[in-house]
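Structure, as structure tokens:
Where a number appears in this text, it was derived from the coordinates with a stated rule and is not lab data. All of these numbers come straight from a predicted model, not from anything done at the bench. All Cβ positions, even for glycine, are placed from backbone atoms using ideal geometry, and neighbour counts span all protein chains on display.
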Amino acid sequence: MNSRLRVTVRGMGLSLTLLGAALLACVGGHIPPSTFQFQNVVPYSPPQGGGWKVAQVVILLSRISSAFPLTATCDIEVGVPEKNVNGWVLDEFAQIEAAKAADKAARIVLREKIPTALACQQFREHMQRILTEKDIGPIPGAKVSGFKEVGVPRMTFP
């Protein structure tokens, strides 16, 4: 009975240790869609088309870890066409999809053990891929970069 108790206690201890490690690897926070305030920078003009709008956000990526801490302040510009192969890209839709992509990209970057200097670049690349992936990307033609456009209101998160 005594040996069974020891095995059970060790098993519980191991389970709690693994659970604690998993919780440290999790990413908290959620970037609200309202953080992405799209502004038209190139008007849509039929029949030629065109049309482009951007949102600029300063996002703080932060990972608490004794081994691989990370704090990076990233300037993110998300540009989307006014109209693409799927039709009109409404501001509300672009806001929701940009927020989802930013959340996913943050989770990916914060789980990777990369230097702070590369975190923003990786964040932008993952966000771009998520928004434009062939067949499942919600906004074909979207572009994610550092700040480029001048005069666009900048939001911050958090």
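Annotations for the structure displayed:
- The amide H of residue 42, built 1.01 Å from its N in the peptide plane, has 52 as neighbours under 5 Å, considering only residues 5 or more places off or on other chains.
- Peptides 48-56, 111-119 ordered by packing proxy, namely the average of other Cβ atoms within 10 Å per residue, highest first: 48-56, 111-119.
- Length released on extending from residue 44 to residue 75, taking residue separation times 0.36 nm less the Cα-Cα span: 8.6 nm
- Residue 125/residue 83 FRET efficiency (R0 41 Å; Cβ-Cβ; nearest 0.05): 0.95
- Shape call, region 48-134: gyration tensor on alpha carbons, a/c limit 1.5: prolate
- Formal net charge of residues neighbouring residue 70 (Cβ-Cβ distance under 10 Å; K, R +1; D, E -1): +1
- Share, in percent, of DSSP beta bridges within region 31-158 that are antiparallel, nearest 5: 85 percent
- Pairs spanning more than 19 Å between alpha-carbon atoms, out of 83/148; 113/148; 53/83: 83/148; 113/148.
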